[in-house]
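J.: Shown below is the structure under consideration.
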Amino acid sequence: MPLKIRRATPKEIPELSKLYFEEFSAIDKEWTLGSAKSRVKQALRISPKWSFIIELDGAAIGLVFAQDFNYAPGKCLLLTEVCVRSGYQNRGYGHKALAILIKKAKKLGYKYIYLTAVRTKTALSLYRKSGFMPVKDFMELERKL
């Protein structure tokens with residue numbers, strides 16, 4: 001079976017939660033399967049039209065989640081999650097999924113796609129290949145509570 005990128009459905013929450021947990025807990029140990037499941041459910045509830053599953057040979061190898069984002073430049077999209085299984089990274093699957101998302105956003109009149117990502121070589125490579133650039137004069141901050 002070829003690569004398939006399609007909208008994710010609620011019935012895939014368990015599979016996508018496991019994938020999300022396995023990949024993101026390797027970067028941030030605070031993730032649990034339960035918190036991953038909550039995040040996947042939230043993404044599908046908030047923005048089902050921008051929730052995608054990446055499949056190869058019928059198995060989920062990745063996901064892409066985004067949501068509408070109202071901002072000064074006009075209609076924007078916030079890319080909230082991109083996840084490709086470690087064994088499938090650097091093979092173009094994430095890039096193909098982002099290309100589909102970008103094409104769809106352009107067709108629907110979106111002006112920009114914004115994202116925040118964990119700073120890894122793989123993520124930076126993916127986003128740069130997909131045309132994303134750092135935003136001048138912006139920074140990301142957090143405050144632990």
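J.: Of everything in the stretch 57-80, what is over 24 Å from L3 (Cα atoms), part of a strand (DSSP E or B) and not hydrophobic (A, V, I, L, M, F, W, C)? Give them in sequence order.
T.: Passing the criteria: D68, N70, Y71, G74, K75.
J.: In this structure, is K37 loosely packed, with under 14 Cβ neighbours inside 10 Å and either touching a residue at least 40 places away in the same chain (Cβ under 8 Å) or assigned to a helix (DSSP H, G or I) (or both)?
T.: no
J.: What number of residues in the stretch 61-81 are at pLDDT below 95 and small (G, A, S)?
T.: 2
J.: Same structure again: Looking only at residues in the stretch 91-126 that are part of a loop (DSSP other than H, G, I, E, B) and surrounded by 14 or more Cβ atoms within 10 Å (Cβ to Cβ), which one is farthest from the chain's Cα centre (by Cα)? Outline the logic, then answer.
T.: Restricting attention to the stretch 91-126, the residues satisfying the condition of being part of a loop (DSSP other than H, G, I, E, B) are 91-92, 108-111, 116-120.
When the remaining residues are screened for being surrounded by 14 or more Cβ atoms within 10 Å (Cβ to Cβ), the result is 92, 110, 117.
Numbers: G92: 14, Y110: 17, A117: 9 Å.
Only one residue tops the list, namely Y110.
J.: Restricted to the stretch 80-89, and to residues that are surrounded by 14 or more Cβ atoms within 10 Å (Cβ to Cβ) and without any contact (Cβ under 8 Å) to a residue 40 or more places away in the chain, which residue is nearest to S17 (Cα to Cα)?
T.: Checking each candidate, the answer is T80.
The values are calculated or read from the model by the stated rules, or taken from the named source; none is laboratory data. Note that the structure is predicted; figures quoted are calculated from it, not measured. Note that we place each Cβ from the backbone using ideal geometry, even for glycine, and neighbour counts take in every protein chain shown.
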